[in-house]
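The values are calculated or read from the model by the stated rules, or taken from the named source; none is laboratory data. Since the model is a prediction, treat every value here as computed from it, not as a measurement. Ideal geometry is used to build each Cβ from the backbone, glycine not excepted, and the neighbour counts take in all protein chains shown. Side chains are part of the model used for accessible areas, which takes the heavy atoms of the whole protein and leaves out ligands, DNA and RNA. Shrake-Rupley method; radii C 1.70, N 1.55, O 1.52, S 1.80 Å.
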Amino acid sequence: MELAKQHRQSIGAVLTTSKAVELVNRYSKLTCAPGDVMEYSNTNYVLLARIVENVSGVSFEKFMSEELFQPLGMNDTRVWNLLSGERSLNQTHDFLQFFKKRVAHKVPWIGGVTGDGSVFCSLNDCVIWDQFWYGNPLVSDALLQEAFKRPKLNDRTHSDYGLGWCIEQKCHWHNGGWLGATTFIARYPASRSCLIVLDNSSNFYRANKIVNVIESVLENN
């Protein structure tokens, strides 16, 4: 994001995934050796999406729809950004919240990238996505389990971040926010239960409060 801001004039009207990768290739520098530390990076997810596009020859949106969402029956899920055209039917509009005041959130010029967000999903499809991780016909069980392994760092310690999941003893979880939306998912493999909070606002405090209250209720029952 900061790199894009620094080179705003050279980007044009919309920051796209390919333009973001070009910026990284040209201007970014390593801050540490690979494997030294775990540091979350949205940019790495953008790079992964671009790799998918280069290998498959189609957009990340089309690849995800044809190779994952449709085969799983996730008919209310799609990747959407400024390059996607019309919004889906019943797709929510996000808003910014300042104390008690709410302002409609318009997708800014950075909203053409993908990979690090911009996936819209219904609650029904979230159930399908949760069940996906217990086994499915698209990905082998062995490969699925790689996502929940704690990577070993160069100093022989282990990171608590797997392949897209924060790994704790009792649950696997992740949260995030993008262009006014706030999300949280926690999966509890032992009980096969799942907690999901979706909020179409930028109020992280409210979303985290909801999560804490629900988790407290579940722990006491």
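General observations
- Tallying residues that are surrounded by 15 or more Cβ atoms within 10 Å (Cβ to Cβ) and either part of a loop (DSSP other than H, G, I, E, B) or touching a Lys or Arg at 6+ places or on another chain (Cβ under 8 Å) (or both) within region 162-181 yields 8.
- Sole exception among (1) open to solvent by 30 Å² or more (accessible area, probe 1.4 Å); (2) within 22 Å of residue 163 (Cβ to Cβ); (3) touching a strand residue (DSSP E or B) at 6+ places or on another chain (Cβ under 8 Å); (4) part of a loop (DSSP other than H, G, I, E, B) for residue 117, by number: (1)
- Some residue of region 182-199 being within 26 Å of residue 61 (Cβ to Cβ) and small (Gly, Ala, Ser): no
- Taken together, the residues in region 20-34 that are within 24 Å of the chain's Cα centre (by Cα) and surrounded by 10 or more Cβ atoms within 10 Å (Cβ to Cβ) amount to 6.
- Hits in region 128-162 - residues which are more than 22 Å from residue 44 (Cβ to Cβ) and of a type in the set (Lys, Arg): 156
- Residue among 92, 43 that is closer than 23 Å to residue 152 by Cα and either of a type in the set (S, T, N, Q) or free of Cβ contacts under 8 Å to residues at least 40 places away in the same chain (or both): 43
- Here residue 128 passes the criteria (1) surrounded by 14 or more Cβ atoms within 10 Å (Cβ to Cβ); (2) among the aliphatic types (A, V, I, L, M); (3) over 27 Å from residue 59 (Cβ atoms) except the one numbered (3).
- Count - residues of region 15-42 that are over 16 Å from residue 163 (Cβ atoms) and either outside any loop (DSSP other than H, G, I, E, B) or in contact with a Gly (Cβ under 8 Å, 6 or more places away or on another chain) (or both): 13
- Filtered residue count, region 53-109, keeping only those that are at pLDDT 90 or above and either open to solvent by 50 Å² or more (accessible area, probe 1.4 Å) or outside any loop (DSSP other than H, G, I, E, B) (or both): 23
- Residues of region 67-117 satisfying the condition of being under 13 Å from residue 181 (Cβ atoms) and acidic (Asp, Glu): 94, 116
- Picking from residues in region 182-221 that are charged (D, E, K, R) and open to solvent by less than 30 Å² (accessible area, probe 1.4 Å), the one that is modelled with the lowest pLDDT is 199.
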